[in-house]
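K.L.:
Input: one structure, supplied below.
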Amino acid sequence: MNGNYRIGVDLGGTKIEAIVLNQQGDEVTRMRVRTPNDDYQQILLSIADLVEEVEEGLNEVATIGICTPGAISPASGLLKNSNTVCMNGQPIKKDLVSLLGREIRIANDANCFALSEAIDGAAAGAQVVFGVIVGTGTGAGIVINQNLLTGRHAIAGEWGHNPLPWPTETEMQGPECYCGKRGCIETYLSGPGITKDHQLQGGDKANAEQIVELAALGFERAEATLQRYEERMAKSLASVINILDPEVIVLGGGMSNIERLYTNVPRLLSKYVFSDVVNTPIVPPKFGDSSGVRGAAWLW
């Protein structure tokens, strides 16, 4: 490997996407295929075929980084917590190294998102970056001096499975979370979380985009839902700022498309952050849905 090119592969539930970046971070090529349904071996072969195809165009061997939901257990070397269920409990890194005949690097999707945005995205040049995914679930990655922090147990940044900080009386019990606990940040800030909260407060079943549209039209119940969401996000991010004090927070995932978050949430931080001045920028991603695959390439 001569280091002229980096390949990133994003293993999604419906598609597997490969990207090639040159040394300057420019996109050279991009390809995608459908993710084989519930077939671990076919998923591995699809990744290998994609890598082979893009390298034929490069006429040289490149480094390979893989972005996947879930994380590899440091104890067992097996993948855990992936929403592509057939991959859980599998030695994906070992199998891909064997199949591709070279070393690879692999990280979860939130970590790859954070790395992409820290290197040449919305947080480029920042020393400490907290990259948040708020979509179907809620997770995050931490990047320090353009290096990914994975942690002893490969769970650094697993922000969504901490309890909502400073809960009000009505938040004390908290919704049930799939992890087995109650009141996790994810149950409030994910897309399904805001839908459930809106219904619990008497609203019709509506997704985040619809709730935003209703609030803009003057529907008070939708506006109240968004204000609760913003307060909860501010509390949740304030607890991170109190520990990590990042220079930039980048939001990704479907909920990051709510424009008012970037104005309203920063105004609320000072109520919870242990500082006389709070000016942590909260910004949208530069590369959006492409940050995962770009971050995979930047693992090298």
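The values are calculated or read from the model by the stated rules, or taken from the named source; none is laboratory data. Quick caveat, the model's predicted, so the values are computed rather than measured. Note that we place each Cβ from the backbone using ideal geometry, even for glycine, and neighbour counts take in every protein chain shown.
K.L.:
Can you list residue pairs whose Cβ atoms sit under 6 Å apart, with the first residue in region 145-157 being buried (at least 16 other Cβ atoms within 10 Å of the Cβ) and the second being assigned to a strand (DSSP E or B) and at pLDDT below 95? Count only pairs 6 or more apart in sequence or on different chains.
P.N.:
Taking only residues 6 or more apart or on different chains, the pairs are Ala154/Ala71.
K.L.:
Output the residue which, of all residues in region 36-68 that are buried (at least 18 other Cβ atoms within 10 Å of the Cβ) and of a type in the set (S, T, N, Q), is farthest from Gly101 (Cα to Cα).
P.N.:
Thr68
K.L.:
Also, quick follow-up: Suppose the filter is touching a strand residue (DSSP E or B) at 6+ places or on another chain (Cβ under 7 Å), charged (D, E, K, R), surrounded by 13 or more Cβ atoms within 10 Å (Cβ to Cβ) and closer than 30 Å to Val85 by Cβ; does Arg30 pass it?
P.N.:
On the way: touching a strand residue (DSSP E or B) at 6+ places or on another chain (Cβ under 7 Å): yes; charged (D, E, K, R): yes; surrounded by 13 or more Cβ atoms within 10 Å (Cβ to Cβ): yes; closer than 30 Å to Val85 by Cβ: yes.
So Arg30 fits the description; yes.
K.L.:
Given the conditions (1) under 21 Å from Phe274 (Cβ atoms); (2) surrounded by fewer than 21 Cβ atoms within 10 Å (Cβ to Cβ); (3) of a type in the set (Gly, Ala, Ser), and given that Ala140 satisfies all but one, which numbered condition is not satisfied?
P.N.:
(2)
K.L.:
Output the number of residues of region 269-290 satisfying the condition of being under 22 Å from Gly139 (Cβ atoms), touching a residue at least 12 places away in the same chain (Cβ under 8 Å) and out of contact with any strand residue (DSSP E or B) (no Cβ under 8 Å at 6 or more places or on another chain). Outline the logic, then answer.
P.N.:
Residues of region 269-290 under 22 Å from Gly139 (Cβ atoms): 269, 272-273, 280-290.
The next check asks that each one be touching a residue at least 12 places away in the same chain (Cβ under 8 Å); those that pass are 269, 272-273, 280-288, 290.
Going one step further and asking which of them are out of contact with any strand residue (DSSP E or B) (no Cβ under 8 Å at 6 or more places or on another chain), we end up with 269, 272-273, 286-287.
The number of residues fulfilling the criteria is 5.
K.L.:
Residues in region 69-85: is at least one within 25 Å of Glu209 (Cβ to Cβ) and surrounded by 15 or more Cβ atoms within 10 Å (Cβ to Cβ)? Talk me through it step by step, then tell me what you get.
P.N.:
Kept after step one, since they are within 25 Å of Glu209 (Cβ to Cβ), are these residues of region 69-85: 69, 83.
Subsequent filtering for residues that are surrounded by 15 or more Cβ atoms within 10 Å (Cβ to Cβ) retains 69.
Yes, the conditions are met somewhere in region 69-85.
K.L.:
Between Leu79, Leu11, which is out of contact with any Leu (no Cβ under 9 Å at 6 or more places or on another chain) and within 15 Å of Ala296 (Cα to Cα)?
P.N.:
Working: Leu79 fails: within 15 Å of Ala296 (Cα to Cα).
Of the residues listed, the single one that is out of contact with any Leu (no Cβ under 9 Å at 6 or more places or on another chain) and within 15 Å of Ala296 (Cα to Cα) is Leu11.
K.L.:
Determine which member of the set Leu50, Leu79, Leu96 is without any contact (Cβ under 8 Å) to a residue 24 or more places away in the chain and of a type in the set (A, V, I, L, M, F, W, C). Lay out the reasoning, then the answer.
P.N.:
Numbers: Leu50 fails: without any contact (Cβ under 8 Å) to a residue 24 or more places away in the chain; Leu96 fails: without any contact (Cβ under 8 Å) to a residue 24 or more places away in the chain.
Unique residue meeting the criteria: Leu79.
K.L.:
Return only the number of the condition from (1) crowded, with 17+ Cβ neighbours inside 10 Å; (2) farther than 20 Å from Leu21 by Cα; (3) in contact (Cβ under 8 Å) with a residue 40 or more places away in the chain that Gly121 does not satisfy.
P.N.:
Among (1) crowded, with 17+ Cβ neighbours inside 10 Å; (2) farther than 20 Å from Leu21 by Cα; (3) in contact (Cβ under 8 Å) with a residue 40 or more places away in the chain, the lone unmet condition for Gly121 is (2).
K.L.:
Taking Ala206 as the residue in question, decide whether it is in a loop (DSSP other than H, G, I, E, B), surrounded by 15 or more Cβ atoms within 10 Å (Cβ to Cβ) and modelled with pLDDT under 95. Explain how you work it out, then say what you get.
P.N.:
Working: in a loop (DSSP other than H, G, I, E, B): yes; surrounded by 15 or more Cβ atoms within 10 Å (Cβ to Cβ): yes; modelled with pLDDT under 95: no.
Considered against the rule, which asks whether it is in a loop (DSSP other than H, G, I, E, B), surrounded by 15 or more Cβ atoms within 10 Å (Cβ to Cβ) and modelled with pLDDT under 95, Ala206 comes out as no.
K.L.:
Scan region 159-203 for residues that are among the β-branched types (Val, Ile, Thr) and surrounded by 20 or more Cβ atoms within 10 Å (Cβ to Cβ) and report the count. So that I can check it myself, show each step before the final result.
P.N.:
Applying the first criterion (among the β-branched types (Val, Ile, Thr)) to region 159-203 yields 168, 170, 185, 187, 194-195.
So of that shortlist, the ones also surrounded by 20 or more Cβ atoms within 10 Å (Cβ to Cβ) come out as 185, 187, 194.
Qualifying residue count, region 159-203: 3.
K.L.:
Could you please find all residues in region 138-194 being in a loop (DSSP other than H, G, I, E, B), among the polar types (S, T, N, Q) and either over 16 Å from the mean Cα position of the chain (by Cα) or within 17 Å of Ser239 (Cα to Cα) (or both)? Please lay out each step first, then the result.
P.N.:
The first filter runs over region 138-194 and keeps only residues in a loop (DSSP other than H, G, I, E, B), leaving 145-146, 150-158, 162, 164-168, 172-175, 177-181, 183, 190.
Within this subset, residues satisfying the condition of being among the polar types (S, T, N, Q) are 145-146, 150, 162, 168, 173, 190.
Listed by number, the residues that qualify are Asn145, Gln146, Asn162, Thr168, Gln173.
K.L.:
Yes or no: region 249-256 includes at least one residue that is in the same structural domain as Val212 (by TED's automatic domain parsing), more than 30 Å from Val20 (Cα to Cα) and not charged (D, E, K, R). Break it down stepwise before answering.
P.N.:
Residues of region 249-256 that are in the same structural domain as Val212 (by TED's automatic domain parsing), as a first pass: 249-256.
Narrowing the set further to residues that are more than 30 Å from Val20 (Cα to Cα) leaves none.
The answer is no, given that none of the residues of region 249-256 is in the same structural domain as Val212 (by TED's automatic domain parsing), more than 30 Å from Val20 (Cα to Cα) and not charged (D, E, K, R).
K.L.:
Just to be sure, is Leu214 among the hydrophobic types (A, V, I, L, M, F, W, C), surrounded by 14 or more Cβ atoms within 10 Å (Cβ to Cβ) and within 21 Å of Gly139 (Cα to Cα)? Spell out the reasoning first.
P.N.:
Details: among the hydrophobic types (A, V, I, L, M, F, W, C): yes; surrounded by 14 or more Cβ atoms within 10 Å (Cβ to Cβ): yes; within 21 Å of Gly139 (Cα to Cα): no.
Judged against the criteria, Leu214 is not a match.
K.L.:
Mind telling me which of the residues Glu247, Glu259 ends up being touching a residue at least 40 places away in the same chain (Cβ under 8 Å), among the acidic types (Asp, Glu) and surrounded by fewer than 16 Cβ atoms within 10 Å (Cβ to Cβ)? Give the steps one after another, and end with the answer.
P.N.:
Working: Glu259 fails: touching a residue at least 40 places away in the same chain (Cβ under 8 Å).
Residue meeting the stated conditions: Glu247.
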